[in-house]
Amino acid sequence: MKIVLAVDGSRYSHWAVDLLLHLPLAETPEIHVLHVVDVEAITHPFLTPRLAPRYRGLILAEVEKSVRTGNLLVAEIGERLRARWNAVQAVVERGHVAEKIIAKAKQEEADLIILGSQGRSGIAAFLMGSVAQKVATYAPCSVLVVKRKKHMVKKILIAVDGSTHSDAAVEFLHTYVLPSELRATVLHVWDHPSFNPPELSGWLPIEKRCSHTLTQAGFKARPLFLLGHTAETIVAAANRKRVDLVIVGSRGLTGVKRYLLGGVSQKVLKYSERSVLVVKRR
């Protein structure tokens, strides 16, 4: 399993490191620790071409200072990770943060990106977006966004809807995670208020089928069927059950449709107080 761990020195990225160290992974991972120095953020956007040369030296000095700080950060985190795994590399790059994380994942053919998020919401998130939202939207692989300080993952909620995307989420657990002491709630939300749920007699409901698949693999899994708006119901159920991690599949909406509507995975990622794993089929 190949993992890109994106860090920025904030408490959220340290929470991501802590969670990674305690994930019950089924195989020894190859980890690439990445810190990105956002040069555009250091360069003042209102400097005119006439004034820019005067401040060029100061800007370059600030960039180099940030690179040195980044090198110390990834070296420290690399040492922490090597206490458990040997295959750990650390690198500092310069550029747009989300773009560099995504490019690194493509370069390394990563199976998973892990990063922390400060959970920006409301109008700030709508106007600016966040690194986590951008990475989860455009990354070529699954993305784990850590929002809470949790040293262990014991209770998870996995949302399923019968699509290949939710099947991929179940498959991700089956492939990369040891059952150990994990307790999973397999949730299917019926989001069609105009008519009742289909007749269930003689038909194995989606949540029960997926729950059975995980149980067969050794997980402790229970099915749950709820009515309501999909994203809102997933977030509410995760809070009510106090899970450590929410897992959703992503159908990867693109273009105008993604901008106007977003997907369930994006909405869960935006509004969930719990850490979220967005699973994508490679």
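The values are calculated or read from the model by the stated rules, or taken from the named source; none is laboratory data. Everything quoted here is computed from the prediction, not taken from an experiment. When we count neighbours, we look across all protein chains shown, and the Cβ atoms used for this are built from the backbone with ideal geometry, even at glycine. Protein only, heavy atoms only, side chains kept; ligands, DNA and RNA dropped before computing areas. Shrake-Rupley method; radii C 1.70, N 1.55, O 1.52, S 1.80 Å.
Per-residue answers, yes or no, for (1) closer than 24 Å to Ser130 by Cα; (2) modelled with pLDDT under 95; (3) touching a Ser or Thr at 6+ places or on another chain (Cβ under 9 Å); (4) not charged (D, E, K, R):
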{"site": "Val39", "(1), (2), (3), (4)": "yes, yes, yes, yes"}
{"site": "Ala61", "(1), (2), (3), (4)": "no, yes, no, yes"}
{"site": "Val67", "(1), (2), (3), (4)": "yes, yes, no, yes"}
{"site": "Ala75", "(1), (2), (3), (4)": "no, no, no, yes"}
{"site": "Ala90", "(1), (2), (3), (4)": "yes, no, no, yes"}
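Checked against (1) over 16 Å from the mean Cα position of the chain (by Cα); (2) at pLDDT 95 or above, Leu5 passes all but condition (1). Restricted to the range 148-157, and to residues there that are open to solvent by 30 Å² or more (accessible area, probe 1.4 Å) and under 15 Å from the mean Cα position of the chain (by Cα), the residue that is nearest to Ala236 (Cα to Cα) is Arg148.
Scanning the range 63-86 for residues that are open to solvent by less than 80 Å² (accessible area, probe 1.4 Å) and either under 26 Å from Arg148 (Cα atoms) or in contact with a helix residue (DSSP H, G or I) (Cβ under 9 Å, 6 or more places away or on another chain) (or both) returns Val63, Ser66, Gly70, Asn71, Leu73, Val74, Ala75, Ile77, Gly78, Leu81, Trp85. When only residues in the range 106-118 that are under 19 Å from Val278 (Cβ atoms) and not in a loop (DSSP other than H, G, I, E, B) count, which is modelled with the lowest pLDDT? Once the filter is applied, the top-ranked residue is Gly116. The residues in the range 82-105 that are part of a helix (DSSP H, G or I) and under 16 Å from Gly9 (Cβ atoms) can be counted, and the count is 3.
Screening Ser275 against (1) closer than 21 Å to Leu19 by Cα; (2) at pLDDT below 90; (3) not hydrophobic (A, V, I, L, M, F, W, C) leaves a single unmet condition, (2). Residues satisfying the criterion are absent from the range 119-134 (criterion: modelled with pLDDT of 90 or more and assigned to a loop (DSSP other than H, G, I, E, B)). Taken over the range 224-245, residues that are touching a Leu at 6+ places or on another chain (Cβ under 7 Å) and under 19 Å from Leu19 (Cβ atoms) amount to 4. Being modelled with pLDDT under 90 and in a loop (DSSP other than H, G, I, E, B) is a property that holds for Ser180. Annotation: Phe219 fulfils all but one of (1) among the aromatic types (Phe, Trp, Tyr); (2) over 16 Å from Phe172 (Cβ atoms); (3) at pLDDT 90 or above; the unmet one is (2). Among the residues of the range 158-174, the one identified as farther than 11 Å from Ile247 by Cβ, of a type in the set (S, T, N, Q) and open to solvent by less than 60 Å² (accessible area, probe 1.4 Å) is Ser163.
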